[in-house]
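Beneath this line is the structure, given in structure tokens, with notes to follow.
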Amino acid sequence: MNHSKKIVWLCVLSAISAAILAGGGVFLVMRQNQDHQLAKITNVYQDIQKNYYEQVDQKKLSDGAIKGMLAALDDPYTTFLDSSQSEEFNQQLSSEIGGIGATITKKQNHFLLMEEPSKETPAFKAGLQAGDEIISVNQQPVTNLSLKELVDKVRGKKGTKVVLQIKRDSQLFTVSLTRDKIHISSVSSLIDVNHPAVAKIQIKTFSSATSEDLKKEVKTLRKKNVQQFILDLRQNNGGFLIEGERVASMFLKNNQVIAKLEEKGQIVETIKAGKTLDNGFKITEPTIVLVDGQTASSAEIVAAALNESGDKILVGQQTFGKGTVQSINHLDNQSEIKLSTQKWLTPKNRWIHQKGLTPTIKVNLPTAQQLNVLNNSLSYDNHYSDKQKKLLISLMQFIGYDLNLQQFDQTFKQALTDIQSKNQLNITGEIDQATIEKLNELIFAKYLKEDLAYEMALGQLIKA
């Protein structure tokens, strides 16, 4: 949505809100706009104000009317945000928080600093170290707090103080810290131990500084002679569209299409890679992209652009499928709405809403549904429907057995026999309790030990 359009939308909302809350001049506004549908809303509002048997809070009533209109759109991404929801939403997408610059974890009811604080942070200046245990915050014991509750107590506005009681080995001491603005990078990287020319770069979300964070990370990796990247967009729910555009532009040649924006059936903008987005910083190293079922929104825009315009391979699972763009419109200083204003299309004009992107290389991972079928198989007395066979085939393929539907009975029996033989079980070629327990063990061991999508992407890079 362009700037002028946003202003128009805000003015309309402001006029409606002012008319409703003022009460007296409502009908004049309605006559001017000749909006009979809106007049119905106003009539109901006035009827409630005049005739409802109890006093009604005007703000509550007007907020309820707005929520009702948004709910009628049947769009989960169009929502009303009150002040607390708005603050939380904006914090999620911000690259800065007010805090002390320490990463905290919870282990067996103990809150510990995970790693050494970064230089120049309040935690570093106070001499805090990795492994320090937080005993109290502002003289309040932390014993019964959740990790989120503790973090919320430690965070706060820049310039405010927080007092922590710390335990280090057998020593107890208290430190007073002045909170500061802490940059939270949405990008991290890890160089492959066995292939030091390859690094995985993970983008957790597209926050307000993601493109700059990525640029810094890539520059650091280049100094370490990294020459190939695996871009990890798994579990990335999206964020700012402009940051997705900037990141995609870095991986593409100038003028290659990133995405197209559509309003009411018309393409209103074609976003292309170029210096205005990436400031001339390009990532030309061979790159493969990891995606999964939680890769959504801006992350899908990047994945689609790199795949369709940049010919990058996607590895993983079908993505989430969110093909709309939202704008934030402020109603007043206490509320705002998040409104779907555009569709976005891939460079090849595909709308992937509620469908998702299909990876170039699909990696099958066990699901809860599949495991439930496996664990309930005893009740079916080794007779399976085609649906159950397909699920069991997927599970057996996951642990390395080549099964197919046409010869299921024979190949499944052979696989079970092999598993029973290798694990000193009673060899029957049929499902029994001990075999199910062993299958579960093999599946979960492989699932937890191996990042199959990463290993497959790594194999593709090395092969290339």
Here are some conditions: (1) buried (at least 19 other Cβ atoms within 10 Å of the Cβ); (2) assigned to a loop (DSSP other than H, G, I, E, B). Q326 meets all but one. Which one does it not meet? (2)
Pick from region 216-251, criterion more than 16 Å from T295 (Cβ to Cβ), without any contact (Cβ under 8 Å) to a residue 60 or more places away in the chain and touching a strand residue (DSSP E or B) at 6+ places or on another chain (Cβ under 7 Å), ranking: most open to solvent (accessible area, probe 1.4 Å): K224
Here are the criteria: (1) crowded, with 20+ Cβ neighbours inside 10 Å; (2) at pLDDT below 95; (3) assigned to a strand (DSSP E or B). Tell me which single one I393 does not satisfy. (3)
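Taking the criterion of being of a type in the set (D, E) and open to solvent by 70 Å² or more (accessible area, probe 1.4 Å), would at least one residue in region 182-200 satisfy it? So that I can check it myself, show each step before the final result.
First pass over region 182-200, keeping only residues of a type in the set (D, E): 192.
Imposing the further condition that a residue be open to solvent by 70 Å² or more (accessible area, probe 1.4 Å) reduces the set to none.
No - not one qualifying residue is present in region 182-200.
Kindly establish whether L145 is open to solvent by less than 20 Å² (accessible area, probe 1.4 Å) and part of a loop (DSSP other than H, G, I, E, B).
no
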Looking at region 270-298, I want the residues that are without any contact (Cβ under 8 Å) to a residue 24 or more places away in the chain and among the charged types (D, E, K, R) and have a partner that is part of a loop (DSSP other than H, G, I, E, B) and open to solvent by 10 Å² or more (accessible area, probe 1.4 Å) with Cβ atoms under 6 Å, at least 6 apart or on another chain. Which pairs are those? K272/N255
Strands (runs of 3 or more DSSP E) completely within region 153-232 that count 1 or more residues being at pLDDT 95 or above and among the β-branched types (V, I, T): 161-168, 171-178, 187-191, 198-203, 228-232
Quick one: which of T78, T105 is at pLDDT 85 or above and either over 24 Å from S297 (Cβ atoms) or open to solvent by 70 Å² or more (accessible area, probe 1.4 Å) (or both)? T105
From the list A15, A72, A19, pick out the single residue that is open to solvent by 80 Å² or more (accessible area, probe 1.4 Å) and either at pLDDT 90 or above or of a type outside the set (D, E) (or both). A72
From the residues in region 331-370 that are open to solvent by less than 40 Å² (accessible area, probe 1.4 Å), among the hydrophobic types (A, V, I, L, M, F, W, C) and part of a loop (DSSP other than H, G, I, E, B), which one is nearest to I271 (Cα to Cα)? I352
Please verify whether S95 is under 30 Å from V187 (Cα atoms) and open to solvent by 40 Å² or more (accessible area, probe 1.4 Å), treating the condition exactly as stated. no
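The values are calculated or read from the model by the stated rules, or taken from the named source; none is laboratory data. Values in this document were obtained by computation on a predicted structure and should not be read as measured data. Positions of Cβ are generated from backbone atoms using ideal geometry, with glycine treated the same way; all protein chains shown enter the neighbour counts. Heads up: the accessible areas ignore ligands, DNA and RNA and are worked out on the full protein's heavy atoms, side chains in. Shrake-Rupley method; radii C 1.70, N 1.55, O 1.52, S 1.80 Å.
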